[in-house]
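**Q** Before I ask anything, here is the structure I am working with.
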Amino acid sequence: PPPSRTKWTRRVRHPVLIGHAASPSQASRAVVKDADVSENSVRGVGVQSGGEVHMQGSRVCANSQEGVFVSGARSQVTLLDNDIASNGTKGVGVQSAAAALLIGNRVQSNAEEGVFVSDPGSQVTVRDSNVARNGMKGIGVQAGGQACACASASRRQQQHLVRTIGCF
């Protein structure tokens, strides 16, 4: 059977949880567009066990833990033009061989890191995003995780960005 696909385009008063696939052909997939995923007692968006989420134009704010959490091999999230702010721990957390691509997001004022990646095989690419005013690091990398931050800017501005944030 084809993979399941879900689409949200409204205020979500409960966390968005995607994952737990028995095989890659059964992976859960979701498109979240123009949604408000806020004030949840745990995470705003959880992607695990091979799940995939494409989120665009949404607001992920004031959740008790991570705004967006991605964990497990083949789990991935693509975040385009979202506001991810004021979450209780990290704005975006990636671990256990998962992947995240952030393009044009505003990741601000989270209690810990704006973006955090850990564990071998986990990777995050942050492109043309504003990651600022978070409680700890803007982008944190630990225990074999990989992160790369880049901007569509002049060569000189790009070099400064790489020296400041770094590609790991």
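Values in this text are rule-based calculations from the coordinates and carry no lab data. What you see is a predicted model; the values in this text were computed from it and never measured.
**Q** Quick one: grab Rg to one decimal and Dmax as a whole number for segment 25-156, Cα atoms only, in Å.
**A** Calculated on Cα positions, Rg and Dmax stand at 13.4, 45 Å.
**Q** At q = 0.12, 0.13, 0.20, 0.23 Å⁻¹, what is the base-10 log of I(q)/I(0) for segment 39-114 according to the Debye formula with one equal point scatterer per Cα and no solvent? Please give it to two decimals.
**A** Taking Cα atoms of segment 39-114 as identical point scatterers yields -0.26, -0.30, -0.74, -0.97.
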